[in-house]
Amino acid sequence: MKNIINKTYILLFAMIALVLNSCVEPVDLITSNVNTGGLVVPVTKNVPYKLGATASFDVTVTVPVGPAITSIEVYKVFTTVDGESSSKVLQTSIPVSGGNVSAEVETSYTLTYADLKSGITVGGSALPDDETDLSIGDSWRMEYISVMADDSRQVVNNAGTTVSVANFFAGAYISNVTYDHPTAGMQIDGVDYKKDLLALDATKCETYMSGWTDVQLYITILGPNTVIVESNPDEWDELHTIDWGTNSYDPVTGNIDIYYGYTRSNGTRKFEEHFTLR
């Protein structure tokens, strides 16, 4: 008898659950009026704007296949190194004319300093006419808004392009690395790494040491043959020069060659890096 009662309760609860579930309307995840499309993918995500050395540069964006886009409105915001920002200003409008319906569209626009400063005010003041009066760490953020062809709807893209005021040698490099250990021998023999040199001030950049992404390396360039290499003294051994090469910077090619090492009880670890712009 007890088993019959238990089975009856189970059946009753199942029927109640079925009735309650039938009273709840399903969530409509796909409807005819859901806002879709408008995606823009910045190919150029970061640009180091080298003071006195950047006449102009191109920014490339890709529009994947999807609902027709009439145009891409490019807005800019300038932010100082101290965190003070301008209002949002329209930089340019890029026509797409629905070309992304049948194929991916890749397009680009060109910027100069005159373009970047146009219309920008911070604290009521325009940006300086002389770009060298900007501070390392100031930046522009380019925001992309797609105007859809079917209803003129505007779609704000999360991805954008950052243009950062940088020193003369900040940028993207290929670093060819050699690392010779005093007892274990050659640990890295001419291996290429993609590295970014990030500007800290007018003459100093930060990257990482050798192939160790968690070890900071600082490069200061005061002249073609005055290149200083340092580590973070709180986290790593003090670096010193080694006898198999001379630190140098070629202002024509942008190539940087550094030779450094650090010494422990069993000898000196020797490093050699050759940076080439990519």
Which one of the conditions (1) under 19 Å from H240 (Cβ atoms); (2) loosely packed, with under 15 Cβ neighbours inside 10 Å does M186 fail to meet, given that it meets all the rest? (1)
Checked the range 97-114 for anything free of Cβ contacts under 8 Å to residues at least 40 places away in the same chain and either over 30 Å from S125 (Cα atoms) or surrounded by 17 or more Cβ atoms within 10 Å (Cβ to Cβ) (or both); matches are S97, G99, N100, V101, S102, A103
Does R141 satisfy the condition of being out of contact with any Cys (no Cβ under 6 Å at 6 or more places or on another chain), under 23 Å from A202 (Cβ atoms) and not acidic (D, E)? yes
Mind checking which residues of the range 198-211 are within 21 Å of V81 (Cβ to Cβ) and either at pLDDT below 95 or open to solvent by 20 Å² or more (accessible area, probe 1.4 Å) (or both)? L198, A199, L200, D201, A202, T203, K204, C205, E206
Answer yes or no: is there a residue in the range 68-81 that is at pLDDT below 95 and surrounded by fewer than 17 Cβ atoms within 10 Å (Cβ to Cβ). yes
Taking V63 as the residue in question, decide whether it is modelled with pLDDT of 95 or more and either touching a helix residue (DSSP H, G or I) at 6+ places or on another chain (Cβ under 8 Å) or open to solvent by less than 70 Å² (accessible area, probe 1.4 Å) (or both). yes
Residue ID - nearest to T80 (Cα to Cα), chosen from residues in the range 143-197 that are among the basic types (K, R) and under 27 Å from the mean Cα position of the chain (by Cα): K195
For the range 134-169, which residues satisfy the criterion of being open to solvent by less than 20 Å² (accessible area, probe 1.4 Å) and closer than 24 Å to G66 by Cβ? M142, Y144, I145, S146, M148, N157, G160, T161
On the basis of being open to solvent by 40 Å² or more (accessible area, probe 1.4 Å) and not polar (S, T, N, Q), does L222 make the cut? yes
Matching residues, the range 83-96, being touching a residue at least 12 places away in the same chain (Cβ under 8 Å) and either open to solvent by less than 40 Å² (accessible area, probe 1.4 Å) or out of contact with any Phe, Trp or Tyr (no Cβ under 6 Å at 6 or more places or on another chain) (or both): E84, S85, S86, S87, V89, Q91, S93, I94, P95, V96
When V227 is run through (1) under 17 Å from H181 (Cα atoms); (2) surrounded by 17 or more Cβ atoms within 10 Å (Cβ to Cβ); (3) not hydroxyl-bearing (S, T, Y), the failure sits at (1)
Give the range 204-234 a look and list any residue that's among the aliphatic types (A, V, I, L, M) and touching a Leu at 6+ places or on another chain (Cβ under 6 Å), or say none. M209, V229
Considering residues that are touching a residue at least 40 places away in the same chain (Cβ under 8 Å), farther than 22 Å from L198 by Cα and not in a strand (DSSP E or B), the number found within the range 241-277 is 1
If you check D237, D192, D214, which single one turns out to be surrounded by 11 or more Cβ atoms within 10 Å (Cβ to Cβ), within 21 Å of I174 (Cα to Cα), charged (D, E, K, R) and in contact with a strand residue (DSSP E or B) (Cβ under 8 Å, 6 or more places away or on another chain)? D192
Going by what's in this entry, would A172 be described as small (G, A, S), under 14 Å from V47 (Cα atoms) and open to solvent by less than 10 Å² (accessible area, probe 1.4 Å)? no
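The values are calculated or read from the model by the stated rules, or taken from the named source; none is laboratory data. All values reported here derive from a predicted model rather than from experimental measurement. FYI the Cβ positions are ideal-geometry reconstructions off the backbone, even for glycines, and counts take in every protein chain you see. Remember, those area values only see protein heavy atoms, side chains included, never the ligands or the DNA or RNA. Shrake-Rupley method; radii C 1.70, N 1.55, O 1.52, S 1.80 Å.
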